[in-house]
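Novice: Attaching a single structure in structure tokens format; questions to follow.
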Amino acid sequence: MTKETTSRRFSTFAALGEAFGMTPDEYRAADRADAIAESIRDDTTATSFQEAFGDVGALSIVEMGAEAQELDMPEPAEAQHDCAAIITTIFDLFRDTRLETSAQAIAWGFVNSFHYEAEKLAREEDTLCRDLGEMIRRQDPSEIFAVEMEELQLRAQTKTEQRAAIECMRDYAADCYRAQTGRPWSAARGSKVSSATTASQIAAADFLKARATAHREKRNPTGPLVVFSGGQEWHDFQQLYDRLDQIKARIPNMTLCTTAQRKGCDAIAAAWAASRNVPLVAFTPQTARYGNRAGFVRNKQLADLRPVEAIVCQGSGLQSNLLDTLKAANVPTHAFRIDGQAPMTADAKRQNWG
């Protein structure tokens with residue numbers, strides 16, 4: 001059976017295209033162009049896309065040994081539109097069919113593909129910047145050396161721009177995923193840290209210094225700390241989002257510290273931090289060093305950071321211990337009971353969170 005489109009008169013793209021004398025591919029291309037043009041007219045392109053796709057250097061070197069080229073980035077409006085279309089089309093295609101239950105898993109995979117590629121580009125960027133730092137320390141005055149350094153710097157700058165663009169698309173795709181599913185997207189592994197690149201072509205030493213400073217600020221943020229921890233079984237993300245939003249309204253430059261679990265409450269908090277551009281520090285227990293005491297030692301370390309506020313959701317004994325430790329340290333703490341969640345929706349019951 002053919003699933004009807006939103007058209008009142010045509011049941012397939014082929015029939016609609018034939019009526020207009022267009023092939024299905026031509027119709028889809030025209031529809032996409034109209035949507036992008038409308039987005040540009042409405043000036044709805046996100047600032048993050050303008051920064052990541054617009055603020056790039058004039059030259060780039062995409063592959064080692066290649067010549068510097070004037071290669072453009074995709075247009076910001078097109079990148080934003082097509083990024084949303086990738087996620088939305090999956091749900092539109094499967095909705096009200098026997099494949100509907102697969103839509104969320106497939107859409108998650110698309111977002112994760114952006115995340116995987118961003119991590120790969122970040123590793124390549126790290127390698128190039130390490131090599132550039134070593135060249136700077138050599139202090140070779142020859143012209144050949146200077147040319148090699150300029151080329152390496154341009155490769156590193158290009159990699160930074162590539163990574164920032166893919167991160168931007170990943171974050172936007174994650175927002176589209178949340179809009180479609182009602183659930184935040186979270187990575188299967190690793191942390192999610194996004195940034196936008198700068199436009200100018202700068203000296204190698206300044207480039208590395210600026211990059212190192214940005215890296216330190218993302219990984220070791222200095223804003224007021226808010227601690228968050230909870231169990232691995234939790235479905236009411238909106239309850240936690242609302243409270244975190246209230247805290248951020250009072251503490252705009254906050255940094256969120258979680259207990260680094262990949263499921264449940266901590267995953268929800270990580271997704272919230274990514275969607276609100278809040279720095280996130282995940283405190284993983286040092287099991288190799290402290291053994292069975294690792295979680296309790298980590299709880300003490302969190303309290304010693306002197307957080308200004310905390311959220312603890314009911315979970316295991318570690319959450320109970322953290323709640324007691326924070327209260328003993330006079331940290332204002334919001335406690336959530338597992339039976340205080342909103343009822344789980346039918347869709348949420350079909351798929352496990354995290």
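The values are calculated or read from the model by the stated rules, or taken from the named source; none is laboratory data. All of these numbers come straight from a predicted model, not from anything done at the bench. A quick note on method: Cβ atoms are made from the backbone with ideal geometry, for glycine too, and the neighbour counts reach across all protein chains shown.
Residue-wise test of (1) outside the structural domain of Asp242 (by TED's automatic domain parsing); (2) over 26 Å from Lys248 (Cβ atoms); (3) at pLDDT below 90; (4) surrounded by 14 or more Cβ atoms within 10 Å (Cβ to Cβ).
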| position | (1), (2), (3), (4) |
| --- | --- |
| Gln286 | no, yes, yes, yes |
| Gly291 | no, yes, yes, no |
| Val308 | no, no, no, yes |
| Leu323 | no, no, no, yes |
| Lys327 | no, no, no, yes |
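Novice: Select from segment 33-63 the residues that are surrounded by fewer than 12 Cβ atoms within 10 Å (Cβ to Cβ) and of a type in the set (Asp, Glu) and write down the one among them that is modelled with the highest pLDDT.
Specialist: Glu63
Novice: Could you say which residue among Met149, Met169 is out of contact with any Phe, Trp or Tyr (no Cβ under 7 Å at 6 or more places or on another chain), among the aliphatic types (A, V, I, L, M) and either under 30 Å from Tyr241 (Cα atoms) or part of a helix (DSSP H, G or I) (or both)? Break it down into steps so the answer makes sense when it comes.
Specialist: Numbers: Met169 fails: out of contact with any Phe, Trp or Tyr (no Cβ under 7 Å at 6 or more places or on another chain).
That would be Met149, the only listed residue that is out of contact with any Phe, Trp or Tyr (no Cβ under 7 Å at 6 or more places or on another chain), among the aliphatic types (A, V, I, L, M) and either under 30 Å from Tyr241 (Cα atoms) or part of a helix (DSSP H, G or I) (or both).
Novice: Would you kindly identify the strands (runs of 3 or more DSSP E) lying entirely within segment 262-336 that contain at least 1 residues that are under 16 Å from Gln246 (Cα atoms)? Write out each step before concluding.
Specialist: Numbers: elements: 280-282, 309-313, 333-336.
The strands (runs of 3 or more DSSP E) meeting that bar are 309-313, 333-336.
Novice: Ok, one more. Is it true that some residue in segment 252-273 is surrounded by fewer than 19 Cβ atoms within 10 Å (Cβ to Cβ), in the same structural domain as Leu302 (by TED's automatic domain parsing), under 19 Å from Val111 (Cβ atoms) and charged (D, E, K, R)?
Specialist: yes
Novice: Among the listed residues Glu70, Glu63, which satisfies the condition of being closer than 30 Å to Glu151 by Cβ and out of contact with any strand residue (DSSP E or B) (no Cβ under 9 Å at 6 or more places or on another chain)?
Specialist: On the way: Glu70 fails: out of contact with any strand residue (DSSP E or B) (no Cβ under 9 Å at 6 or more places or on another chain).
Matching residue, one of Glu70, Glu63: Glu63.
Novice: Do we find a residue being surrounded by fewer than 19 Cβ atoms within 10 Å (Cβ to Cβ), free of Cβ contacts under 8 Å to residues at least 24 places away in the same chain and under 16 Å from the mean Cα position of the chain (by Cα) anywhere in segment 78-92?
Specialist: No: zero hits.
Novice: Across segment 263-318, what is the total count of residues that are basic (Lys, Arg) and closer than 26 Å to Asp339 by Cβ? It would help to see each step written out before you state the result.
Specialist: To start, the set of residues in segment 263-318 that are basic (Lys, Arg) comprises 263, 276, 289, 293, 298, 300, 306.
Checking the rest, the ones that are also closer than 26 Å to Asp339 by Cβ come to 263.
Adding up the residues that qualify gives 1.
Novice: Select from segment 304-319 the residues that are more than 19 Å from Arg262 (Cα to Cα) and free of Cβ contacts under 8 Å to residues at least 40 places away in the same chain and list them in ascending order.
Specialist: Residue satisfying the conditions is Asp304 alone.
Novice: Against the definition (of a type in the set (Asp, Glu) and within 20 Å of Ala66 (Cβ to Cβ)), how does Glu143 come out, yes or no?
Specialist: It is false that Glu143 is of a type in the set (Asp, Glu) and within 20 Å of Ala66 (Cβ to Cβ).
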